1. Among the residues of region 42-59, what is the count of those that are of a type in the set (A, V, I, L, M), in a loop (DSSP other than H, G, I, E, B) and open to solvent by less than 30 Å² (accessible area, probe 1.4 Å)?
2. Within region 103-131, restricting attention to residues that are among the hydrophobic types (A, V, I, L, M, F, W, C), in contact with a Lys or Arg (Cβ under 8 Å, 6 or more places away or on another chain) and part of a helix (DSSP H, G or I), which residue is surrounded by the fewest Cβ atoms within 10 Å (Cβ to Cβ)?
3. Can you work out which of the residues in region 263-279 that are without any contact (Cβ under 8 Å) to a residue 60 or more places away in the chain and in a loop (DSSP other than H, G, I, E, B) is least open to solvent (accessible area, probe 1.4 Å)?
4. Any residue at all in region 103-118 that is under 17 Å from the mean Cα position of the chain (by Cα) and without any contact (Cβ under 8 Å) to a residue 40 or more places away in the chain?
5. Please state which of the following conditions LEU260 fails to meet, knowing it meets all the rest: (1) touching a residue at least 24 places away in the same chain (Cβ under 8 Å); (2) of a type outside the set (Val, Ile, Thr); (3) under 30 Å from TYR208 (Cβ atoms).
6. Restricting region 131-157 to residues that are among the charged types (D, E, K, R) and free of Cβ contacts under 8 Å to residues at least 40 places away in the same chain, which is nearest to PHE65 (Cα to Cα)?
7. In region 75-102, how many residues are in contact (Cβ under 8 Å) with a residue 24 or more places away in the chain, in a helix (DSSP H, G or I) and open to solvent by less than 40 Å² (accessible area, probe 1.4 Å)?
8. Here is a check on your reading of the model: is GLY258 closer than 25 Å to ALA149 by Cα, out of contact with any Ser or Thr (no Cβ under 8 Å at 6 or more places or on another chain) and surrounded by 12 or more Cβ atoms within 10 Å (Cβ to Cβ)?
Amino acid sequence: MAQLIMQLPQHMILSTRHHAKGCSMTIQIDPVRRNLKFHLPADKVTNWNPAGVHVTQFYNTLSIFFPAGERFFIQSVRNYRDKISDPHLKKQISAFIGQEGFHTREHEDYNEALVEAGLPVKGMDNLVVRLLNRVQKRPKALQLATTVALEHLTAILGDTVLCDPDLLKGCDPHFAAIWKWHAIEETEHKAVCFDAYEEVFGSGLKAYSMRVFAFIVANFIFFSLFYPFYARMVQKSGGLFNIRGWLTSLNFQFGKPGVLRRIIPAWFDFFRPSFHPWMHDNRQYLAQAEALVEEVAGFQNEQAGQAA
């Protein structure tokens, strides 16, 4: 065990944390705030992925949800920060909030590029905002449970990006980098809200039932919005009646590489009473962060050179 700990980066440790289920050795990753600016080329926002319009707009549609969603996540965990007694978890929560704040900023810039390209993103974002405002009128416990649910979904989607380099192969490097960065940080903090939820509410039947209920409802609502948004984005890009493009998208989602097909086992794991996000140990992909930071620094240098 000592040898394993010595091989891990400083923010990746094994620690003993007391959960309602008992005291157990768990993986603990300390999220790292990375204030990165990606300088996305606006003229490529609708064609940055060589797989075509339908796959490009699949990613672009996901971006629509992030600013409002991440602001909601931040507030839901802030509601309970004073009830957290574990000082290490408090630090992780602060880092989680920092990461989500940077994600919000960068995806707002991303979405603004979509607006400039003539895509109806503002109306979609307004709908997501209104929906989450209604959720914020519900009990705060349910808000945190919803965050736990959606953090699991984003984490397992992010894992598909990290474990399959071919997904972003040949893509515009700026767009590839923002998706890889987001996936790395969603992986780093994937257990933070879950651990906060368990510290506040435990892991008994009531807590389990609430998080599972939130997971079912949140997934139903998300996908009920995502696919109409996606179809509208493809339509505005001129691909609505492109059968070959839709077949490519279907293969991308459910065939090979099958980004949604591949998350199904991990998706169902959330229903386990003993579930914990780090039961899916994919921390090896976090080693990609250092090279990514250097790559993005190169984008910033390019931008500075163009400005000069």
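The values are calculated or read from the model by the stated rules, or taken from the named source; none is laboratory data. Everything numeric in this text was worked out from a predicted model, so none of it was measured. As a convention, Cβ positions derive from the backbone with ideal geometry for all residues, glycine included, and neighbour counts pool all protein chains shown. For the accessible areas, the whole protein counts, side chains as well, though only heavy atoms, and no ligand, DNA or RNA atoms are used. Shrake-Rupley method; radii C 1.70, N 1.55, O 1.52, S 1.80 Å.
1. The first filter runs over region 42-59 and keeps only residues of a type in the set (A, V, I, L, M), leaving 42, 45, 51, 53, 55.
Then keep just the ones that are in a loop (DSSP other than H, G, I, E, B); that gives 45, 51.
This time we only want the ones that are open to solvent by less than 30 Å² (accessible area, probe 1.4 Å), so: 45.
Count: 1.
2. Going residue by residue through region 103-131, those that are among the hydrophobic types (A, V, I, L, M, F, W, C) are 113-115, 117, 119, 121, 124, 127-129, 131.
Next cut, in contact with a Lys or Arg (Cβ under 8 Å, 6 or more places away or on another chain) only: 115, 119, 124.
Right, trim to part of a helix (DSSP H, G or I) and you get 115, 124.
Values: VAL115: 14, MET124: 22.
Here the answer is VAL115.
3. As a first pass, look at region 263-279 and keep what is without any contact (Cβ under 8 Å) to a residue 60 or more places away in the chain: 264-265, 268-269, 271-272, 275, 279.
Applying the additional criterion that residues be in a loop (DSSP other than H, G, I, E, B) yields 271-272, 275.
Numbers: PHE271: 53, ARG272: 114, PHE275: 1 Å².
Here the residue is PHE275.
4. yes
5. (1)
6. Checking each candidate, the answer is ARG134.
7. Residues flagged as in contact (Cβ under 8 Å) with a residue 24 or more places away in the chain, in a helix (DSSP H, G or I) and open to solvent by less than 40 Å² (accessible area, probe 1.4 Å) within region 75-102 amount to 11.
8. Yes; evaluated as a whole, the condition is true for this residue.
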